[in-house]
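Notes follow once the structure below has been shown.
Here, each number is a calculation from the coordinates, and none is a lab measurement. None of these values were measured; they are calculated from a predicted model. Glycine gets a Cβ as well: all are built from the backbone with ideal geometry, and neighbour counts include every protein chain shown.
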Amino acid sequence: MRDLPINLLRTFMVVAETLNLTEAAKQLHKAPSTISMQLNRLEDLIANPLMERGQHGVRLTAVGEQLKAHAQQLLNLHDQIMGSFQNMDISGVVRLGTHDQYASRTLAPLLQDFILSYPEAELEAVCDYRPDYLLDLLDKGKLDIALVEMLADTEGGVRLRRDELVWIGPKNHFVHTQSVLPLVVFAEGCKHRQFACEALDNAKIPYRIAFTSQSRSGVLAAVRAGVGIGIVPYHTLEEDLAIYQDLPSLPDMEVTLFTSPKANEATRRLEKIIVENSIFNPLMIGARY
């Protein structure tokens, strides 16, 4: 029986998630040709095709889907074993504050990486849609690190990614043409809500708050139901929703990381994982991707 190299499985999992060799190469910091060679080698070991390559990306075969289901478990166990030996001296509590749009999407694989790499550290996370509230907790010593959205070109923190806010609604729906614009927003304290209301006030467009939620899932569910229009950063837009471009422009925001000056080493390791990950690319200023 032949062994499956861990590095090949890692490459396979990134390609299986992105379904795009170019994007996978970017995330892995490798040439696309290297990614193809690694996939070919893995297919030789499996003795079955794992993917079907096409002009617009790749698609997993039935064998590829089966490998994907098992490979992540193997990688998690491998990382946990290695982390327990390599990082035994990194311990302590790490208190993270962030918006749930990051905790449930962008941050999820990074937090998994941290937990597996530093098994002696204790991660505690707080999700809140109010950046000012989270930064206040950080200042009071109740959080060690906070990932929040800040208005672009303001000061403070490490700026990781710049993105525009966009108006969104269901496709093939005319909710944005109502005489009084219905809004689906977070509760008071949300910057998206604040800037949307200010933009509509300045444009003298009448509106009403049709639905309020404290979670991203609640906001998006109401938007999909046609209750009203939502506001999200462009890079978090989901495929089944449409952008409404005939409404007033909204300001750019920046994903920003704040770390307590008294942070322990475990917190610094989480900070490094977040800052260095290609998901947050400081070079892609103002770009849609």
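General remarks:
- Highest-fluctuation residue, T267, T22, T256 considered, GNM on the chain with Cα pairs under 10 Å: T22
- In a simple Cβ point-charge model (Lys, Arg +1; Asp, Glu -1; nothing else charged), the chain has a dipole of about 420 debye relative to its Cα centre.
- For region 162-253, size of Cβ-based charge dipole, Lys and Arg +1, Asp and Glu -1, in debye: 240 debye
- For region 6-84, the relative contact order is 29 percent, taking Cα pairs closer than 8 Å that sit 6 or more residues apart in sequence and dividing their mean separation by the residue count.
- Charged-residue dipole, Cβ positions (Lys, Arg, Asp, Glu), region 1-65 about Cα centre, Debye nearest 20: 180 debye
- Region 162-253 shape via C-alpha gyration tensor axes, a/c threshold 1.5: rounded
- The slack between D132 and R41, meaning 0.36 nm per residue of separation minus the straight C-alpha distance, is 27.8 nm.
- In the elastic network of the chain, a GNM with C-alpha springs shorter than 10 Å, the most mobile of D128, D144, D240 is D240.
- For the residue pairs K26/K171; K142/K272; K68/K142, the alpha carbons lie more than 28 Å apart in K26/K171; K68/K142.
- Phi to ³J(HN,Hα) by Karplus 6.51 cos²θ - 1.76 cosθ + 1.60 over region 147-163, Hz, x for Gly, Pro: 10, 9, 9, 10, 4, 4, 6, 8, 9, x, x, 9, 7, 9, 7, 10, 7
- Which labelled figure in (i) -0.33, -1.02, -1.13, -1.21; (ii) -0.27, -0.97, -1.12, -1.26; (iii) -0.38, -0.93, -1.00, -1.08 is log10 I(q)/I(0) by the Debye sum over Cα atoms at q = 0.07, 0.13, 0.14, 0.15 Å⁻¹, once derived from the coordinates: (i)
- Most fluctuating residue given options G218, G54, G189, as computed from a GNM of the chain linking Cα atoms under 10 Å: G54
- Residues with amide H under 5 Å from that of V94, placed H, sequence gap 5 or more: E122, L123, E124
- Rounded to 5, percent antiparallel among DSSP beta bridges of the chain: 60 percent
- Of V158, H192, V227, farthest towards positive along the dipole that unit charges on Lys, Arg, Asp, Glu beta carbons give region 83-240: V227
- Unit charges at the beta carbon, dipole of region 6-84: most positive-side option, N76, I35, L19: I35
- With Cα atoms, 0 to 90° folded angle of helix 32-46 axis to the chain main axis: 50 degrees
- Phi to ³J(HN,Hα) by Karplus 6.51 cos²θ - 1.76 cosθ + 1.60 over region 201-210, Hz, x for Gly, Pro: 4, 5, 8, 6, 9, x, 8, 9, 7, 8
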